[in-house]
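Participant: Structure incoming, see below.
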Amino acid sequence: MDYGPSLIGLLVGVVVGATSTGGGALLTPALILISRVPASIAIGSDVLIASGMKLFGGGIYALRGEVHWQTVGRLALGSIPGAVAGVWVLNRLPANVLDAYLSRGLGVILMAAGVAVLVRFTAGARAHPRHAPRRPVTVALGFATGMLVSMTSIGSGSLLLCVLALCYPLSATTIVGTDLVHALVLSSIATVGHGLAGRVDVALAGTVLVGAVPGVLIGARLATAVPERALRAGLAAVLIAIGLQLALFSASPARAEPAALGPEIVACGSDCPNQSSEEGHVSWHRAP
């Protein structure tokens, strides 16, 4: 058994428990860079993992009455079609360049997430908006978040949480609860889309959750012992550094040719030369 994904889940869980952010922003690139999981599989599996984690987190906030349901509904009006649109776009990218494009896109979003963490920490505490944005603005924000999450698994816990803190007149706990419940809805829709496309590895998701659940509990205790400023600054620095790594040093899409990727991850049917019909399936294997 490969315990690498469980260890990754443990470390990411600690960060999430201590800072309430960084789940998808850390887990997806960690699976790509450390466990050598293809980007498309890492993203599809991560949205399933997020659904499991946010089911418990969002449920706790809902029971406490710390969820602004009107904002959840308006965000979902945009994020559900946004998630469908994001999966639709991914399904139409050529298979031989999909992972390369996604890795670079992840890098850009990660750098934006790192900046958002800093903005939320430095400006969020001083921001006290009196009125929420108009309904069309919230729906549009949901649509953008839905596309980001379905295409990169990043956007809800880092980018959207920052926008909610800066632009919506809600308490800090209600902002977190609203984000978690909306993220549960969004992640569930994205999981279905990725699952139908064959980009969800249920076994991988389960292995990660084995480490992530105790990691969240450890992180929650760690949050009381380590200064929040240090935690946020460290998380932002890690996100920006990983983003640069993925954006600048990922394989070029032009080089991601089927012949170079190897037969295990090349889409091939019965009409492929020198291949039997039994070999005509798509699967993925971690690179050595």
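Derivation of every value follows stated rules applied to the coordinates shown; laboratory data play no part. Just so it is clear, the model here is predicted, and its values are computed rather than measured. Using ideal geometry, Cβ is built from the backbone for each residue, glycine included, and neighbour counts are taken over all protein chains shown.
Participant: Which distance in nm do the two modelled labels at VAL97 and ARG130 give, with both placed 7 Å along the Cα-to-Cβ direction?
Facilitator: About 5.1 nm separates the two model spin labels.
Participant: A further question follows. Calculate one ³J(HN,Hα) per residue across the stretch 56-65 by plugging θ = phi - 60° into the Karplus curve 6.51 cos²θ - 1.76 cosθ + 1.60, and present them in order as whole Hz with x for glycine and proline.
Facilitator: 3J(HN,Hα) across the stretch 56-65, in whole Hz: 6, x, x, x, 5, 5, 5, 5, 7, x.
Participant: Mind listing the long-range amide H neighbours of TYR168? Cut-off is under 5 Å, sequence gap 5 or more, other chains count too, H placed in the peptide plane at 1.01 Å from N.
Facilitator: Those lying under 5 Å, H to H, from TYR168: there are none.
Participant: Assuming a ≥ b ≥ c are the square roots of the Cα gyration tensor eigenvalues, decide whether the stretch 9-93 counts as rounded (a/c under 1.5), prolate (otherwise, with a/b larger than b/c) or oblate.
Facilitator: Oblate.
Participant: Is the shape of the stretch 164-207 best called rounded, prolate or oblate, per the rule: a/c under 1.5 gives rounded, else a/b larger than b/c gives prolate, else oblate, with a ≥ b ≥ c the square roots of the Cα gyration tensor eigenvalues?
Facilitator: On the way: a/c = 4.43, a/b = 2.62, b/c = 1.69.
Verdict is prolate for the stretch 164-207.
Participant: About the Cα centre of the stretch 4-256, what is the dipole size in debye to 20, counting +1 per Lys and Arg Cβ and -1 per Asp and Glu Cβ, all else neutral?
Facilitator: 460
Participant: Okay, moving on. Say the dipole of the stretch 4-256 comes from +1 at the beta carbon of Lys and Arg and -1 at that of Asp and Glu; which of PRO133, VAL216, VAL16 then lies farthest toward its positive end?
Facilitator: PRO133
Participant: Just want the ordering: ARG232, ARG74, from fewest to most Cβ atoms lying within 10 Å of their own Cβ.
Facilitator: Exposure proxy ranking, most exposed first: ARG232, ARG74.
Participant: For SER171, SER45, SER40, what's the fewest-to-most ordering of other Cβ within 10 Å of each Cβ?
Facilitator: By the 10 Å Cβ count, ascending: SER171, SER40, SER45.
Participant: Same structure again: Test of understanding: ordering HIS131, HIS182 by Cβ neighbours within 10 Å, fewest first, what list do you get?
Facilitator: Arranged by neighbour count, lowest to highest, HIS131, HIS182 become HIS131, HIS182.
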